[in-house]
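Below is one structure, written out as structure tokens; comments come after it.
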Amino acid sequence: MGTNSRLVKNTLFLYFRSLITVGISLFTSRVVLEVLGIENYGIYNVVGGFVALFSIISSSLTASISRYLAYSLGKGAKEKLAIIFSTSINIQIAISIIVILFGSIAGILFIDYKMNLPAGSSGAAKWVLFCSIFTFCINLISVPYNAAIIAHERMSAFAYISILEVSLKLGIVYLLYLSPDNKLISYAILMACVSLLIRVVYGVYCKNNFEECKYHWCYDKQQIREMTGFAGWTFFTNGAMIFNTQGVNILINIFFGVTLNASRGIATQVEAAVSKFTGDFMTALNPQITKSYAAGDFQTMYSLICRGAKFSCFLFLCIGLPIIFEANTILGLWLKEVPAGTVMFVRLSIICSMITALGHTGYIGCIATGDIKRYSIIVSIIGCLVFPLTWFAYNLGAPVITTYIIYGAVYLILDFVRLWILKDLIGFPPVVFIKSVFARILPTIILALIIPFILISFLEPGIIRLFISIPITVISSITSIILLGVTNSERKEIFKMVSDKLRLLR
């Protein structure tokens, strides 16, 4: 199967997953907020965010595992796959033990001495802490299995298992209504049980489909050194992202309280729903970037980096722009009670995610080389500015939304910095990216905004405007993309693909 057709097929599988999982996730988020209440929802968001700080380590190893599996497949070195997989499991188990020990101690100290909690909530917060640590470690050990599925580009399995996961979480909502005791504790325990079950499903699928996924004890010192060395440098980059998201969550709790944590938690849910569609496209694209590098096909790699960044932004435009314009009405219909600040959080988080998505293919291009020392140092120094700048701003009395402005500015700078790093690593020409991505995105966004902005200026907010503005905003975005966003060859490919699909429906 050719690169483009395989990419389209895998992306469609993941979009099928997203349509179902996003719908269920948004529904369950609404009900969970209703059942738990704003304060308990905020507690779960803060404590879960505290545990997520440990994913500085896990996400670094995840990038390492995915890179080495995809690289070995691209090289055709199948004999190394089993060693890489088993070594990955050993590393993840060791990290899990460390997280359990240090996470429990640090988490209890944070809850007892630092966290801004309503009276009488300390016990429930500790239950959430322990369940979150357990869930985190289960997901950590699942990483090599997930990475194997992505590296083999079996996105259909990834889609079906994800649908099973959100369906089980839908069942949790029903059980929460039946729970006679503390619903926050029940929710944390049930979420941990779902993670354990999904871990078993991933394990069974991978063992039955991929030869290298049959774990056996091995101690390959060279492989451990390579993977942990790679992970050591990505640690700094991922650390910046974790502190800029979950770390800021803790700052918001300390300075503003759990109600705004609940608002940020809801905004994160909406952002995650929008990002899923872009993320699915990138999940399908990432292995091809790494495999192109491994095969020495740099022209294909350059093309994938540019196209991936551009179309990621366009996906955000089509899905995110209607939500930005109609966030107030959408949240009012979705939630019975909208916590203060949620509307602005939603709008700003979508914009910030679009900025971040622009640099994702550049990041994959850098880690594909395996030579990421310089990249990690530069990106980490710049990326880490969000957390201290937010802390400084809040100490000066800045409003809570200041963190989004800081985040967007810092990550826009990083998008340009990556281009010059890529030039040194793989000879990637930054001017090509600027011309083919930035120069096309900016006029496309401006044109897409004009008609919807005029429309909402003349109509009162409400259901009628919602049903008028959403299709018009989507049509305006697609039209702008076709007119200004794509090249002539890409336009022909799009028209051909659409005509082929229409021909099959006749």
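What follows is calculated from the coordinates using simple rules that are stated; it is not laboratory data. The structure displayed is predicted, hence computed values, not measured ones. Counting neighbours? That spans all protein chains shown, and the Cβs are built from the backbone with ideal geometry, glycine included.
With a Förster radius of 35 Å applied to the C-beta separation of Tyr113 and Ala439, the computed FRET efficiency comes to 0.10. Over 20 Å apart at the Cα level, from the set Lys126/Lys169; Lys291/Lys496; Lys373/Lys423; Lys80/Lys214, are Lys126/Lys169; Lys291/Lys496.
Backbone amide hydrogens, once placed in the peptide plane, bring Asp297 within less than 5 Å of nothing, excluding anything fewer than 5 places away on its chain. Between Ile482 and Glu460, the modelled label-to-label distance comes to 3.5 nm, taking each label 7 Å out from Cα in the direction of the beta carbon. Can you compute the FRET efficiency between Ala409 and Asp371 using 1/(1 + (r/R0)^6), with r the Cβ-Cβ distance and R0 = 45 Å? Round to the nearest 0.05. Step by step, r from the Cβ atoms, then E = 0.95. For the range 194-207, backbone phi angles converted through the Karplus equation (6.51, -1.76, 1.60; θ = phi - 60°) give residue-by-residue couplings of 4, 4, 5, 5, 5, 4, 5, 4, 4, x, 5, 4, 5, 5 Hz, Gly and Pro being listed as x. Extension gain, Ile382-Cys218: 0.36 nm per intervening residue step, less the Cα-Cα distance, totals 55.2 nm. Computed about the Cα centre, the dipole magnitude for the range 283-382 is approximately 140 debye when only Lys and Arg (+1) and Asp and Glu (-1) carry charge, each at its Cβ.
Whole-Hz Karplus values for the range 311-328 come out as 6, 4, 5, 5, 5, 4, 4, 5, 8, x, 4, x, 5, 4, 5, 10, 4, 4 Hz, taken residue by residue from phi with 6.51 cos²θ - 1.76 cosθ + 1.60 and θ = phi - 60°; glycine and proline positions read x.
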